[in-house]
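Each remark here refers to the structure printed beneath this line.
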Amino acid sequence: MRWIQADSESATIHDVKFNSASIREKTVVLADIGGCPVGFCQAVTGRSLSDPLFVQMIAVVPAARRRGVGLALLAAVASSEPARDIVMATLDGNVAARALNEGFARSLGLAIRRVPIRSYRRSEMGFGPGEKHRPWLIARA
Ligand SMILES: CC(C)(COP(=O)(O)OP(=O)(O)OC[C@H]1O[C@@H](n2cnc3c(N)ncnc32)[C@H](O)[C@@H]1OP(=O)(O)O)[C@@H](O)C(=O)NCCC(=O)NCCS
């Protein structure tokens with residue numbers, strides 16, 4: 001995870017202890033090509049059964065982009081919670097992430113829509129008070 005974070009412009013680089021805790025406490029899916037780690041996706045579920053799955057981070061190293069890895073990672077985390085809606089927060093200017101999320105919703109045959117920032121806790125969406133991410137919702141019901 002640390003190598004991928006270091007190679008991905010919008011990911012914070014965390015130490016091994018922090019990443020190990022994420023793997024223990026959250027859903028973390030790792031993608032590799034030929035044994036080389038190329039991407040990961042991290043998600044958490046809300047506290048109640050009706051809460052969504054929050055995709056907190058997805059990152060693919062530049063050399064492996066536009067090969068479907070991001071889409072495969074989202075499909076993998078989403079399939080771990082097939083009944084929950086999916087919330088993903090992105091910066092408005094992150095063209096790749098927004099296009100990926102739209103493509104992912106299309107691949108499920110579902111719509112994606114922007115929801116008010118106060119709909120969910122920032123900690124669940126995976127960003128802090130100073131960050132300007134905005135949440136998007138894929139409703140599965
Ligand atoms: C966003 C990111 C994860 C996409 O990963 P990826 O493996 O390249 O995505 P995919 O190959 O699965 O792309 C699926 C679709 O998303 C869209 N897409 C992905 N990157 C795009 C880009 N740079 N510009 C426009 N559309 C893009 C395309 O529709 C693409 O399908 P296509 O290649 O058939 O046209 C990757 O660019 C990344 O790691 N960025 C830096 C980290 C980041 O910003 N993460 C999101 C914030 S949480």
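Determine the distance separating the Cα centre of the range 97-141 from the Cα centre of the range 45-70; give it in Å without decimals. Here the answer is 10 Å between Cα centres.
Within the shell defined by Cβ-Cβ distances under 13 Å, the residues around Ser22 carry a net charge of +2, with Lys and Arg each +1 and Asp and Glu each -1. Rounded is the label for the chain. Its Cα gyration tensor axes, ordered a ≥ b ≥ c, give a/c under 1.5. Taking 7 Å steps out from each Cα toward its Cβ at Arg24 and Ala83 produces label points 2.9 nm apart. Exposed loop positions in the chain were taken to be GluC sites (Glu not before Pro) whose DSSP state is not H, G, I, E or B and which have at most 12 other beta-carbon atoms within 10 angstrom. Between these positions, the longest stretch is 10-130. When each of the peptides 62-70, 38-46 is scored by the mean number of other C-beta atoms lying within 10 Å of its residues, the order from highest to lowest reads 38-46, 62-70. Our helix-only sum for the chain, with -39,500 (n - 2.57) per DSSP H run of n ≥ 4 divided by its residues, gives a mean residue ellipticity at 222 nm of -8500 deg cm²/dmol.
Read-outs throughout are calculated quantities, based only on the coordinates presented, and are distinct from any laboratory measurement. As the structure is a computational prediction, the values presented were derived from the model and not from experiment. Every residue, glycine among them, receives a Cβ derived from its backbone with ideal geometry; neighbour counts consider all protein chains shown.
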